[in-house]
Amino acid sequence: MKITLCRPVLALLLLLGSGAAAAAVQVQFWTMQLSPFHDEYVTGLIDEFERLHPDVQVKWVDVPWKEMEKKMLASVAAGTAPDVVNLNPQFAAKLAEFGALANPEHYLSEQQVAAYLPNIWKANRFEGESFAIPWYLSTTITIYNRALLERAGASVPANFSELLVTAQVLQKKLGKYAYFPAMDGSRPLENLAATGVDLVGDDNSVGFDNAQGLAFFRFNRDLYQQELIPKNVLTEGHHKAVDLFQSGQVALITTGMQFLQTIETNAPELYGSVDVAPQLKSPASKSNVAVMNLAVPKMSAHKDAAFQFASFVTNHRNQMALARRIPLLPSTAESYRDPFFQLPENPSVVDRARVISAEQVLNGGVLVPPIPKYSKLKTNFVFNLQSAMVGDLTAEEALQRTSDTWTLFLQARDKKVRATGTGDD
């Protein structure tokens with residue numbers, strides 16, 4: 001029997017149907033430069049999440065790495081920020097400083113929070129408040145040219161004191177450089193922290209205004225003035241260090257294990273001589289770990305759904321799937337019980353790099369924590385360090401100027417926190 005609906009009834013049904021579709025929550029998800037290589041992975045995550053949560057739809061937007069900060073700041077200012085966004089801790093901390101990010105501990109259960117490595121979860125805290133969920137991690141290791149060191153009769157350095165000796169031997173015997181201390185990013189501050197000092201003390205004081213900090217300024221001055229490092233360290237960054245390593249001019253680089261793939265592709269004749277060791281650091285220092293995270297802006301109208309999605313993306317199973325795709329590391333504790341992070345019977349250099357990196361993540365931490373006015377402080381530090389290297393300032397003067405500037409910024413922030421009553425006091 002054929003049933004014919006009158007127009008008013010049909011219109012009502014269509015209206016109800018459109019209302020049901022509109023009831024679905026849409027979560028906008030921004031990532032940093034994952035497309036097109038990880039389209040299948042990301043769309044697979046979204047499809048699975050939407051299957052488990054039919055009342056939520058996820059719209060994925062991939063943003064070029066260099067545009068993320070500008071685009072994110074503009075979206076916050078315009079009130080159009082995404083619901084979930086992939087950020088690094090320093091930039092996320094800048095947003096947290098202005099109260100722009102929601103605290104995940106207000107939306108996740110204690111069990112969900114406990115799934116992440118405690119030392120990594122702490123990296124996403126600013127003035128006692130969590131501001132993001134940790135996602136994938138990286139940690140620098142020492143990648144070295146075994147043949148070059150053997151020709152010079154030099155050993156792989158474990159710390160910066162040994163590095164100075166290795167640099168002297170290589171320069172004297174082969175006219176080669178041991179190291180290229182890149183000055184871009186947070187690397188100079190990471191290297192300082194790797195000597196065993198805290199950048200900022202518990203009382204918001206300058207943690208490196210001491211003998212260890214002075215030794216670091218002197219060490220870099222000596223490397224430069226004794227011509228044990230290339231002159232262009234003042235103007236070139238990490239990519240130049242990789243180029244010089246691949247061309248055989250530099251014996252070792254400190255970088256993430258992911259660069260092994262770059263070396264194998266760009267310098268296959270060198271790759272057979274490449275080996276790995278733990279990152280350069282003082283015995284008193286923890287290994288440094290870099291954290292990428294997922295944050296939810298406070299202005300999101302769908303914070304519950306946003307944190308559900310962020311928790312799903314960063315769970316053990318999904319992080320392990322990502323770690324098997326690319327040489328990065330998960331932030332979930334359970335992941336490190338997986339055989340993937342144990343040495344196989346005949347390990348390759350990549351296998352050894354993965355195990356070293358995993359051990360550093362478990363025993364390390366974020367040595368450059370979220371710091372107020374981080375960009376200005378970093379710029380000041382690098383400027384004074386380079387001034388000491390070229391001889392415009394003594395190491396003592398460079399350290400003093402750096403400490404004076406950092407003290408002004410840190411004390412100004414401390415006074416503001418006390419005045420507004422938002423600090424721990």
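Just so it is clear, none of the values below were taken in a lab; they were calculated from the coordinates. Note that the structure is predicted; figures quoted are calculated from it, not measured. We place every Cβ from the backbone using ideal geometry, glycine too, and count neighbours over all the protein chains shown.
So here's what we get for this one:
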{"read-out": "Gain upon complete extension [residue 261, residue 324; 0.36 nm per residue less C-alpha separation]", "value": "21.3 nm"}
{"read-out": "Calculated from backbone phi, Karplus (6.51, -1.76, 1.60) coupling profile of segment 274-291 in Hz, x at Gly/Pro", "value": "8, 9, 10, 8, x, 5, 5, 6, 6, x, 7, 9, 7, 6, 8, 10, 9, 10"}
{"read-out": "The chain: angle of helix 7-22 to the longest principal axis, Cα-based, in degrees nearest 10", "value": "20 degrees"}
{"read-out": "Percentage, to the nearest whole number, of Cα pairs in segment 60-128 over 16 Å apart", "value": "53 percent"}
{"read-out": "Volume per residue of the C-alpha convex hull in segment 217-302, rounded to whole Å³", "value": "199 Å³"}
{"read-out": "Rg/Rh for the chain, where both radii come from Cα atoms and Rh is the Kirkwood radius", "value": "1.05"}
{"read-out": "Helix 39-52 vs. the chain, principal-axis angle (Cα, 0 to 90°, nearest 10)", "value": "40 degrees"}
{"read-out": "Cα long-axis angle, helix 374-390 against the chain (0 to 90 degrees, to the nearest 10)", "value": "20 degrees"}
{"read-out": "Violating pairs (Cα-Cα greater than 29 angstrom) within the set 66/122; 70/231; 66/378; 122/231", "value": "70/231; 122/231"}
{"read-out": "Amide H partners (placed H, <5 Å) of residue 206, local residues excluded", "value": "201"}
{"read-out": "Relative contact order computed over segment 28-69 (Cα-Cα under 8 Å; 6+ residues apart), in percent", "value": "67 percent"}
{"read-out": "Antiparallel DSSP beta bridges within the chain, percent to nearest 5", "value": "65 percent"}
{"read-out": "Cβ-placed point charges (K, R +1; D, E -1), dipole of segment 29-102 about Cα centre in debye, nearest 20", "value": "360 debye"}
{"read-out": "Cα gyration tensor shape for segment 276-397, rounded if a/c is under 1.5, else prolate or oblate", "value": "oblate"}
{"read-out": "Whole-Å distance, taken between Cα centres, linking segment 71-113 and segment 292-318", "value": "10 Å"}
